[in-house]
Amino acid sequence: MTPAWPLSEASLVLWPARRKGQAKQAFYFSQQLLQQYMKGLRQDFASIEIHRTEDGLLVVAHKRRIANLVILAGLPAIGKSTLLQYLRSGEGSDLAQQLGFDAGITWHFTNYASMLKPTAANLENVFLQYNISAPLTHGPLHRYEFGLRDLIGTADKVTIATIWADAKTLLERYSKERIPKADEGEAGYKKRRLSTKETDISGGRGSISLLARLGWHRRSSHMKKKEERFLSLYSDRHALLALYSGWFTFLQSSNCRCKVVTQSPNYEAVDLLQWQEKLKSNT
């Protein structure tokens with residue numbers, strides 16, 4: 001039987017059985033586990049090097065420094081990539097200025113998952129897309145106060161813009177753009193997704209690249225669970241507000257310049273505190 005992944009790529013920790021009267025135990029960590037721990041859980045490290053020495057493994061962590069960081073945060077299907085395209089156009093120059101984004105300079109466009117991989121230690125201007133549902137979909141190790149706070153702490157200047165949409169809008173967009181229709185097949189789904197023109201920074205279109213890797217017939221195990229999770233979230237206004245509330249609480253503790261972007265129908269940016277007051281008055 002072929003293993004699910006090569007053992008050389010697995011993250012392993014081995015320990016001996018405890019013996020009676022034994023005070024100490026030796027734990028053996030694989031090189032991959034050290035890399036995952038040091039880089040996967042810490043975003044203030046740009047890259048990790050592991051060297052073998054006579055005394056064991058030497059871990060060298062390269063500290064990350066960012067001069068100017070702009071984070072565009074939101075939920076799946078809310079339109080992060082569409083807003084980025086608008087900011088980069090001449091039409092969105094006024095909004096771009098409010099969010100600290102200068103389209104006339106060179107930017108490193110990325111997302112949070114890409115920052116988990118080795119990067120250059122010193123970056124000048126970084127525009128990062130962030131999915132605020134990460135703790136919900138990936139577990140507690142992806143809570144905001146862990147890796148994201150590390151990343152914010154590496155930057156000299158930080159602006160965080162959160163896109164807001166109500167539950168009804170999110171449900172309609174997600175159902176239309178992210179859920180394959182029973183009778184359209186893989187080609188039809190790709191064509192429909194491409195027609196939305198929501199291209200991400202890596203050149204892919206959301207789950208299309210995942211479908212290409214898994215195959216259309218194999219999407220059920222992973223992707224259907226994800227689809228059901230977000231359909232349930234977007235159908236529950238109170239759960240959605242609770243998620244946003246947790247995110248906004250984190251932003252208040254971050255001491256960053258924070259904006260909330262709405263679209264009804266035109267884009268508009270307001271300060272976080274102003275938006276929270278408005279939200280309270282409407283609930």
Yes/no for Leu210 being under 28 Å from Phe127 (Cα atoms), modelled with pLDDT under 85 and either in a strand (DSSP E or B) or more than 19 Å from the chain's Cα centre (by Cα) (or both): no
query: How many residues are under 22 Å from Arg88 (Cα atoms) and assigned to a strand (DSSP E or B) if we restrict to the range 109-128?
result: 9
- prompt: Out of the residues in the range 225-283 that are hydroxyl-bearing (Ser, Thr, Tyr) and assigned to a helix (DSSP H, G or I), which is surrounded by the fewest Cβ atoms within 10 Å (Cβ to Cβ)?
  reply: Ser281
- request: Determine if the range 69-77 includes at least one residue that is over 19 Å from Leu128 (Cβ atoms), at pLDDT below 95 and either in contact with a helix residue (DSSP H, G or I) (Cβ under 6 Å, 6 or more places away or on another chain) or surrounded by 17 or more Cβ atoms within 10 Å (Cβ to Cβ) (or both).
  value: no
task: Pick out the one residue from Leu7, Leu57, Leu12, Leu41 that is in contact with a strand residue (DSSP E or B) (Cβ under 6 Å, 6 or more places away or on another chain), modelled with pLDDT under 80 and not assigned by TED's automatic domain parsing to the domain that holds Tyr112.
output: Leu57
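The values are calculated or read from the model by the stated rules, or taken from the named source; none is laboratory data. No experiment lies behind these values; they were computed from the predicted model shown. Because the Cβ atoms are built from the backbone with ideal geometry, glycine has one as well, and the counts that use them run over all protein chains shown.
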